[in-house]
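Quick note: the coordinates plus some simple rules give every number you see, no bench work behind them. Because the structure is predicted, anything quoted here is derived from the model rather than measured. We place every Cβ from the backbone using ideal geometry, glycine too, and count neighbours over all the protein chains shown.
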Amino acid sequence: MITVVDPHVHLIALADGEYGWLQPSNPPFWPDKSIIARSFSPADLTLSAPLALHAFVHVEAGFDNAHPHREVAYLEQHYLSSAELSVTAERAVTPEQVVTEKLSSSTPFNTIATCDLTLPTEQFQAQIDTLSALRSCVGVRHILDEDARTLLDLPQVITNLHALAHAQLIFECQCDLTDAWVVEQIIAFHRSTSHVWVINHAGIGAYNDANSLRIWTTQMKALAQCPNIHVKVSGWEMVDRQYTADAIKPIIKQLVDIFGVERVLLASNFPLTLFRQSYQDYWQMMHDVLVELGFDETHQRALLGQNARAIYFTTT
């Protein structure tokens with residue numbers, strides 16, 4: 001059996017959350033956005049032999065960006081196992097988060113919440129204190145993307161990142177890491193902290209063209225000097241809906257060569273994977289790629305699940 005721990009899944013409760021990005025009148029204006037503009041629960045994360053899903057990490061999907069705890073609390077209320085219920089009830093931050101209904105997921109999961117790195121210190125601290133009190137929340141992300149330069153140049157953002165480090169909440173870093181200035185700021189931050197960061201979608205820039213791949217490789221080598229930076233490999237469909245195994249193989253190989261097998265995590269980005277293929281087919285492709293690259297079973301287990309388990313599930 002091939003064990004998968006998927007560290008990048010977006011569950012969606014369309015009738016209960018805001019999800020502005022999924023509304024047809026809002027960007028991104030993808031012609032195929034209707035494929036994912038619906039609700040998705042753990043029941044949609046189905047794998048069959050030889051694959052088996054042992055756990056997953058929900059990454060915020062825009063349920064309520066102004067109140068990040070509401071998304072985590074909603075998922076805990078609906079999907080935590082009964083064994084975890086008493087812990088959540090004891091640590092609930094508000095009465096509405098105490099769970100009383102029958103729970104329905106048998107797959108263990110943890111969560112990455114959204115956060116606002118630009119908030120004043122006191123407000124930001126209150127936000128992360130609330131998130132830390134929830135059983136499943138192990139980290140946060142503020143999508144940097146095209147605002148990465150502006151945000152990482154703000155003293156308030158750096159102050160808040162240090163607050164995350166103190167709270168021992170993982171930071172998920174999502175932006176184009178072919179930008180040397182951005183990479184320099186990230187490295188400068190890590191000189192004074194052991195904060196765990198996980199790069200989302202392989203740093204994005206590798207997918208563009210040969211020149212971008214060359215620049216991306218240089219920047220990834222620089223980031224790899226920070227021992228607490230890890231990288232999730234996913235998000236292919238965000239650049240090319242028809243990506244192939246041959247297109248992604250060199251990126252996976254390069255990341256393992258640069259970071260070492262223990263700091264690379266394969267992930268799905270479900271449900272966006274549905275733009276290209278089913279959840280089952282995606283993970284079968286990932287496993288086949290590892291076989292074709294010559295990774296032995298020990299390294300396959302690490303990349304497909306053990307590394308993600310070590311980062312996201314060892315403290316809960």
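Stretching Ala310 away from Arg276 to a fully extended chain increases their span by 9.3 nm, per 0.36 nm per residue minus the current alpha-carbon distance. Here the range 205-278 is assigned +1 on the Cβ of each Lys and Arg and -1 on the Cβ of each Asp and Glu. Its dipole about the Cα centre then comes out at about 80 debye.
Looking at (i) 16; (ii) 11; (iii) 21, which value of percent of Cα pairs over 37 Å apart comes from a calculation on the structure shown? Label (ii) holds the value from this structure. Quick one: compute the contact order of the chain, relative version, from alpha carbon pairs under 8 angstrom and 6+ residues apart, as a percent. Worked out over the chain, it gives 18 percent. Extension gain, Glu122 to Leu154, is 9.9 nm, computed as 0.36 nm per intervening residue step minus the present C-alpha separation.
With neighbour counts taken as other beta-carbon atoms within 10 Å, the residues His166, His195 rank, fewest first, as His166, His195.
Here the residues Leu144, Leu303, ranked from fewest to most Cβ neighbours within 10 Å of their Cβ, fall in the order Leu144, Leu303. Grab the Cα-Cα distance for Gln242 and Arg214, subtract it from 0.36 nm times how many residues apart they are, and report the gain in nm with one decimal. The span from Gln242 to Arg214 would gain 7.9 nm if fully extended. For the chain, the number of Lys pairs separated by eight or more positions or lying on different chains, with C-alpha atoms closer than 29 Å, is 7. Residues Trp30, Trp216 in ascending order of nearby Cβ atoms (within 10 Å, fewest first): Trp30, Trp216. A simple charge model with +1 on the Cβ of Lys and Arg, -1 on the Cβ of Asp and Glu and nothing else charged puts the dipole of the range 2-312 at about 460 debye relative to its Cα centre.
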